[in-house]
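J.: Have a look at the structure that comes next, please.
Throughout, read-outs are computed from the coordinates displayed, never taken from laboratory work. Everything quoted here is computed from the prediction, not taken from an experiment. When we count neighbours, we look across all protein chains shown, and the Cβ atoms used for this are built from the backbone with ideal geometry, even at glycine.
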Amino acid sequence: MAELKEIFCQDKAISILQRAFAADKVPHAYIFAGLDGIGKFKTARQWAKLLLCKSPSIKNNFADSCGRCQSCLLFEAGSHPDFNLVYKELLEFTKNGKGKDPPIDFPIDVIREFVVEKVSVKPVLSQRKVFIITEAEKMDIEPQNALLKTLEEPPDFCSIILICTSLEKLLPTTRSRCQTIRFSPVSEDRIIKKLEQMGMSENQAKYFARFSQGSIGFACHLAQIELAEPDPTDAKKGPLPKLYETKKEIIDSIVSLKYADSLELAEQFLDKSREIAKFWGRLDDATSTKDINRRSHKVILQIIISALTDAMKFGIVKSQDLINFDQQDKIENLAARFAPEQAAEKIADTYKSMQWVDASVNERLIFEQLLLNLAVSDIINVSQ
Ligand SMILES: [Zn+2]
């Protein structure tokens, strides 16, 4: 059974929470801010469990849930009546949401029906009532405004936690009504250690740690995909994607990319992405298929960005701290092909492609445009 003290590498954030708890001055609204996959949600859940617990234990000035009371047991069983996990996919359970597709942005109806209308109802089991709102950065102006009054004057028994990857997406009015706790990226060494414990070789662990840039959750997800064993009883599920091989292939093909091959390569990248998504979906059934597909496309785009970033860095300082340290010869070739300024432009273009993925632009088009663009600029470069 998980507890607050078991959360990895977020000592600073947790000590801020502990101080508030010890002083009995828990703010009504928090923003937990930081990258995806560094423990914000886990911390929020364990914090909620502690706030709801009937007899918290306090050892060495560290408060934690007891894990045994009725509240803790119901919390772990996912049926605590005073705990509200609010996420955008609840749309289909709103009054007018039946049959609607999983949303990209955070729908105002979810905020209205699952937060605003529920906050004033008294808790039934615990002293408090806790709301965790995930992906708060996907709330537009309207849902944020709908939440404002609740954040301003919540009932005394109410605690709201907004989980957010980019603070700048939240309105100043939202931010000023909450206490923000920043979660830091996890150090490369700790991630490497964790991946090695999972069974990854030293080289691969180092690569995935650098690639995930401090997001230990993301690194572990990728490691799970990489390390999965085929299930001999189920041949229908198809071959397992090998991420590390895939990234090597992608970088190889970017280095030798020719305009005439761009469309075919786009198709291959899409196939790889779909393979990864299919398997990823099996590991994570809480996320919609559409969101898993988007994530998978983004992994492919991030691999391209990592290669271009390395090429840019290499072009400037011959840096040895490359993400793709294991393919340094390829990065050198790429650096010879793109001058640093040009690599920077291509990185910006690839980030734009990432935004298109979020905006649900046709995926084939995104990959085709991107690869044609990468190939075209090379021709210009050569002719100069
Ligand atoms: Zn308890």
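J.: Any chance you could run the full-extension gain for residue 364 through residue 112? It's 0.36 nm times the residue separation minus the Cα-Cα distance, nm to one decimal.
T.: Working: separation 252, 0.36 × 252 = 90.72 nm, distance 3.63 nm.
In short, 87.1 nm is gained.
J.: Which far-off residues, 5 or more places away or on another chain, put their amide H under 5 Å from the one on residue 161, with H placed in the peptide plane?
T.: 30, 131, 132, 133
J.: Please compute the length gained on full extension between residue 189 and residue 318, using 0.36 nm multiplied by the number of residues separating them and subtracting their Cα-Cα distance.
T.: Details: separation 129, 0.36 × 129 = 46.44 nm, distance 2.28 nm.
Roughly 44.2 nm would be gained on extension.
J.: Could you line up 244, 30 from fewest to most neighbouring Cβ atoms inside 10 Å?
T.: Numbers: 244 19, 30 22.
Listing 244, 30 from fewest to most nearby Cβ atoms yields 244, 30.
J.: Counting other beta carbons within 10 Å of each Cβ, put 206, 95, 12 in order, fewest first.
T.: Ascending Cβ contact count within 10 Å gives the list 95, 12, 206.
J.: I need the peptides 59-65, 155-161, 112-118 ranked by packing, meaning the mean over residues of other C-beta atoms within 10 angstrom, with the highest value on top. Walk me through the intermediate numbers first.
T.: Values: 59-65: 14.1, 155-161: 19.0, 112-118: 16.9.
Sorting 59-65, 155-161, 112-118 by mean packing, highest first, produces 155-161, 112-118, 59-65.
J.: Could I have the simple spin-label model distance between residue 290 and residue 149, label points 7 Å from Cα toward Cβ, reported in nm to one decimal?
T.: 3.0 nm
J.: Something else now. Rounded, prolate or oblate: which fits the stretch 127-191, taking a ≥ b ≥ c as square roots of the Cα gyration tensor eigenvalues, rounded meaning a/c under 1.5, else prolate when a/b beats b/c?
T.: oblate
J.: On to the next question. Which shape class, rounded, prolate or oblate, goes with the stretch 262-312 when its Cα gyration tensor gives a ≥ b ≥ c as root eigenvalues, a/c under 1.5 marks rounded, and past that a/b bigger than b/c marks prolate? Walk me through the numbers on the way to the answer.
T.: Values: a/c = 3.11, a/b = 1.64, b/c = 1.89.
Oblate, because a/c is 1.5 or more while a/b does not exceed b/c.
J.: Let me ask something else about it. Based on alpha-carbon centroids, what's the gap between the stretch 1-21 and the stretch 140-205 in Å, whole number please?
T.: Comparing the Cα centres of the stretch 1-21 and the stretch 140-205, I get a distance of 14 Å.
J.: Then there is this: Before anything else, pin down the relative contact order of the stretch 4-182: Cα pairs under 8 Å, at least 6 apart, normalised by residue count, whole percent.
T.: Numbers: 300 pairs, mean separation 52.5, N = 179.
Taking the mean separation of contacting Cα pairs over the length of the stretch 4-182, I get 29 percent.
J.: Students often check this: by mean Cβ neighbours within 10 Å, which of 14-21, 302-309 ranks highest, and how do the rest follow?
T.: Values: 14-21: 16.9, 302-309: 22.8.
The densest-packed peptide leads the list: 302-309, 14-21.
J.: What helices does the chain hold that run 24 Å or longer along their axis, going by alpha-carbon atoms, with a Kyte-Doolittle average of -1.0 or more, using DSSP H for the helix calls? Please list the in-between numbers first.
T.: Values: long enough: 262-283 (32 Å, -0.38); 289-317 (41 Å, 0.34); 340-358 (27 Å, -0.95); 363-383 (31 Å, 0.88).
Qualifying helices: 262-283, 289-317, 340-358, 363-383.
J.: Which peptide among 338-346, 119-127, 47-55 comes first, and what is the full order, when sorted by highest mean count of other Cβ atoms within 10 Å?
T.: Top of the packing list down: 47-55, 338-346, 119-127.
J.: P(r) tail for the chain, what percent of Cα pairs lie past 34 Å?
T.: Details: 27070 of 73536 pairs.
Here the tail beyond 34 Å accounts for 37 percent of pairs.
J.: Where a Cα-Cα gap under 16 Å defines reach, which aspartates and glutamates qualify for residue 352, not counting those fewer than 8 residues away within the same chain?
T.: Candidates past the 8-residue exclusion: 363, 368.
J.: Stretched out fully, how many nm does the piece from residue 167 to residue 376 gain, at 0.36 nm a residue minus the Cα gap? All intermediate terms of the calculation are to be shown ahead of the outcome.
T.: Numbers: separation 209, 0.36 × 209 = 75.24 nm, distance 3.63 nm.
Length gained between residue 167 and residue 376: 71.6 nm.
J.: Tally the DSSP beta bridges in the chain and give the antiparallel ones as a percent, rounded to 5. Walk me through the numbers before you get to the answer.
T.: Details: 3 of 22 bridges.
Given both bridge residues lie in the chain, the antiparallel proportion sits at roughly 15 percent.
J.: A further question follows. Can you pull out the trypsin sites (Lys or Arg not before Pro) in the stretch 295-329 that DSSP calls coil and that have at most 16 other Cβ atoms within 10 Å? It would help to have the intermediate numbers written out before the result.
T.: On the way: sites: 295, 298, 313, 318; in loops: 318.
Hits after loop and neighbour filter: 318.
J.: Follow-up question, since we're still on this one. With the contact rule set at Cα under 8 Å and sequence spacing of 6 or more, what percent relative contact order holds for the chain?
T.: 15 percent
J.: If R0 is 30 Å, what FRET efficiency do you get for residue 229 and residue 267 from their C-beta distance, rounded to 0.05?
T.: Numbers: r = 29 Å, r/R0 = 0.96.
According to the calculation, E is roughly 0.55.
J.: Between residue 96 and residue 62, what is the spin-label point distance in nm, taking each point 7 Å from the Cα along the Cα→C-beta axis?
T.: Between residue 96 and residue 62, the simple spin-label model gives 4.9 nm.
J.: Could you list 28, 297 in order of exposure, starting from the residue whose Cβ has the fewest other Cβ atoms within 10 Å? Could you put the intermediate results ahead of the total?
T.: Working: 28 19, 297 25.
So the ranking, lowest neighbour count to highest, is 28, 297.
J.: Label-point separation (nm) for residue 36 and residue 203, each offset 7 Å from Cα along Cα-to-Cβ?
T.: 2.8 nm
J.: Rounded, prolate or oblate: pick one for the stretch 181-313, where a ≥ b ≥ c are the square roots of the eigenvalues of its C-alpha gyration tensor, a/c under 1.5 means rounded, and failing that, prolate if a/b is larger than b/c, else oblate.
T.: Numbers: a/c = 1.57, a/b = 1.08, b/c = 1.44.
Verdict is oblate for the stretch 181-313.
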